[in-house]
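Remarks on the structure that follows.
Rule-based calculations on the coordinates, nothing more; no lab input. The shown structure was predicted, so the numbers you read here are calculated from the model rather than taken from an experiment. Heads up, the Cβs are rebuilt from the backbone with ideal geometry, glycines too, and the neighbour counts pull from every protein chain shown.
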Amino acid sequence: MTVSLFEEFGLKKIINASGKMTALGASAVTDEVANALKTAAQDYVDIDELIEYAGKVIAQHTGAEDGCPTVGAAAGIAISTAAVITGNILSLIERMPNSDGLKNEIIIQKGQNIHFGGSIDQMIRLGGGHIVEVGSANKVESEHIEQAITEKTAALFYVKSHHAVQKGMQSIETMLEISHKHNLPLIIDGAAESDFRKYIDMGADIVIYSGGKALEGPTSGFICGKKNFMEACRKQYKGIGRAMKVGKEAISGLIVALNQYPLKNICVDEQITRMTALCEKLNEVNGLSCSIQQDEAGRPIYRAQIEVGKNAAGITAETLLHQLESGNPAIYLRHHYVNIGIISVDPRPLLPGQENIIAERIIAIIKEVEEK
Ligand SMILES: *Cc1c(COP(=O)(O)O)cnc(C)c1O
């Protein structure tokens, strides 16, 4: 295997068996996307023209009227907030995030005002929005939303995310109905969603996605929606967007990633073969029980689920996880169920053969415990 650029920098090598994590560099892109990044980096382009072209490509893949590339979904939140407040008016765009005297209230259900690794509230404030939370963390009625609308309301905001409270919130359909009845736009943050058409099809005005999550593109993001809002979003690059400038490299990589989407998942047979080989090795170890489990949400992902029996293994799942993460290479497993003694290996981000390194390390850690 070649030495990675990050190892050349003297940084520790990462084996990612956990999924798409911003803290681990989100996604590893295809050769085609990597070539686009390289080619763009070594050339010049009229940036406004490139951004407009990206908007057309985004429109084509989302079914929206138009689009706007961003440096990430978080920037998409700030930019679309600013867009619904300022519209296309340059002097207002240049005044953001100071929105005094303008319609600047953004209504959000309390259970969706979340922290995704950054705070939705702060991203909205960056765009000049004042957040208005409605209802309680686990219960929101449609009346709460409707009664929060005033002459200062700029938009309604819906967060579709596993981080949000899943019960007791009003649906997208209800949010759409209320927003359109009051002639207000609905913004949807669907950062990690993989269906880029769904919310536009439902009638959302503005939808935000991450380029580094389901798309598996470069560090980037995009906004799609109604033409007037998308023009206002792109124009924010003359305002707050300048502090979140998306470069020609990321825009070009985003375009190629969209054109390749959906990438074929690594084939199910291959996932199962590799995870079975891993499980066979781990099932030899006292205290470990490894089996193949399909993704909880029913996606075609087959992970190796490792149950750690604390008494027999002499170590908790939590300690094992920690030791894997603090080694070199640092190995990151999925840990949603670590509190009940379960960790799992996601085969999708693993390079060929890395499952063997994972098995060897786990076996070595347990052996070391036994010898103590
Ligand atoms: C990840 C995420 C974001 C931020 O996306 P980036 O592309 O990393 O900026 C925003 N909102 C939600 C719900 C997310 O899951």
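Partner aspartates and glutamates whose Cα lies under 19 Å from the Cα of LYS56, excluding those fewer than 8 positions away in the same chain, are identified as ASP46, ASP48, GLU65, ASP66, ASP195, ASP201, ASP205, GLU231, GLU249. The fewest-to-most ranking of VAL256, VAL268 by surrounding Cβ atoms within 10 Å reads VAL268, VAL256.
For LYS181 and GLU94, the FRET efficiency from 1/(1 + (r/R0)^6), where r spans their Cβ atoms and R0 equals 35 Å, is about 0.60.
Sparsely packed loop sites in region 110-161 (the trypsin sites (Lys or Arg not before Pro) outside DSSP H, G, I, E and B with at most 13 other Cβ atoms within 10 Å) comprise LYS152. For the chain, what proportion of DSSP beta bridges, expressed in % and rounded to the nearest 5, is antiparallel? Taking every DSSP beta bridge within the chain, about 55 percent pair in antiparallel fashion.
Can you work out the base-10 log of I(q)/I(0) for region 312-372 at q = 0.23 1/Å, using the Debye formula on its C-alpha atoms alone? Ignoring solvent entirely, the Cα scatterers give -1.02.
For SER80, SER252, SER119, the sequence from fewest to most other C-beta atoms within 10 Å is SER119, SER252, SER80.
Straight-line cross-link reach from LYS310 at under 20 Å between alpha-carbon atoms covers these lysines, not counting any fewer than eight positions away in the same chain: LYS281, LYS367, LYS372.
Across the chain, C-alpha contacts under 8 Å between residues 6 or more apart give a mean separation that, scaled by the residue count, equals a relative contact order of 22 percent. Of all DSSP beta bridges confined to region 44-263, the antiparallel ones make up roughly 45%.
In this label model, ARG242 and HIS336 are separated by 4.3 nm, measuring between points 7 Å along each Cα→Cβ vector. Which entries of LYS20/LYS227; LYS226/LYS264; LYS160/LYS198 show an alpha-carbon separation above 21 angstrom in the structure shown? Pairs exceeding 21 Å: LYS20/LYS227; LYS226/LYS264. Rounded to the nearest 500, the helix-only mean residue ellipticity at 222 nm of the chain stands at -11500 deg cm²/dmol, with each DSSP H run of n ≥ 4 adding -39,500 (n - 2.57).
Please list log₁₀ I(q)/I(0) at q = 0.08, 0.11, 0.12 Å⁻¹ for the chain, using the Debye equation with identical point scatterers on the alpha-carbon positions. Taken in order of the listed q values, log10 I(q)/I(0) reads -0.48, -0.84, -0.95.
Take each peptide in 60-67, 363-370, 91-98, count the other Cβ atoms within 10 Å of every residue, and average; sorted highest first, the result is 60-67, 91-98, 363-370.
A compact globular protein would have a Cα radius of gyration near 2.2 N^0.38 Å; the ratio found for region 183-273 is 1.25. Annotation for region 237-256 versus region 20-79: alpha-carbon center distance of 7 Å. Applying a 4.7 Å Cβ-Cβ cutoff to the chain leaves CYS224, CYS267 as cysteine residues with no disulfide-compatible partner.
Listed by chain and number, the lysines whose alpha-carbon sits under 19 Å from that of LYS38, ignoring those within fewer than 8 places in the same chain, are LYS245, LYS248. Ranked from largest, the principal axis spans of the Cα set of region 44-263 equal 51, 41, 30 Å.
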